[in-house]
Each structure stands twice: as C-alpha cells, then as structure tokens.
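Data block below; observations after.
Quick note: the coordinates plus some simple rules give every number you see, no bench work behind them. Computed from a predicted structure; not experimentally measured. When we count neighbours, we look across all protein chains shown, and the Cβ atoms used for this are built from the backbone with ideal geometry, even at glycine.
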Amino acid sequence: MVLKQAGRSAHEASGDFRWCAMVRLAIWLLVLGIGSIVLPMMGMQFKLLSALGDNAPYVGGGMAAIGLVLLILGTRGNQKTDD
C-alpha cells in the first residue's frame with residue numbers, strides 16, 4: 001500500500017517534523033518561562049500566567065527548565081551518527 005504524501009513538507013515527509021515540533025515547544029516554554037521571571041521585575045506579567053499570582057515566577061522557572069531539557073533532547077536526537 002502506497003500512501004500519498006501530497007501537501008506535506010519535506011520535514012514532515014522525512015521524519016524531522018517531530019524534532020521540529022519538540023524544538024518549537026521547547027523555545028516557547030523557554031520564552032514564557034524566562035519572561036515570567038523577568039516581567040514582574042518591570043511590573044508586568046503574561047496574561048496566561050497572571051492567574052497564578054505570586055507563584056507565576058516559580059511556575060515560569062519550571063517551564064524554562066522543562067523547555068531547556070526538551071531543547072537539549074531535541075537537538076541531540078536530530079544529530080546523525082556515522083556508524
């Protein structure tokens with residue numbers, strides 16, 4: 001059975017789509033996490049995290065840590081080995 005791959009990008013067809021999605025998620029988590037730590041110093045906060053009140057920087061730190069781990073795993077998983 002042959003499946004059509006019409007409309008799919010080269011990344012999706014080659015299997016790099018999962019890597020791209022993980023790295024994209026990691027970058028978003030890093031931006032939101034670091035922003036939720038820095039923005040309260042300027043008297044601002046993301047609307048998404050403002051519901052957490054004073055705990056937003058702690059949750060943001062966790063988000064940044066998870067984003068960093070995902071970024072490291074995503075970039076290591078994409079490296080080709082020469083075996």
(message) Could you list 19, 28 so that the one with the fewest beta carbons within 10 Å of its beta carbon is first and the one with the most is last?
(response) 28, 19
(message) Could you give the length gained by full extension between residue 55 and residue 72, i.e. 0.36 nm per residue of separation minus their alpha carbon distance, to one decimal place?
(response) 3.5 nm
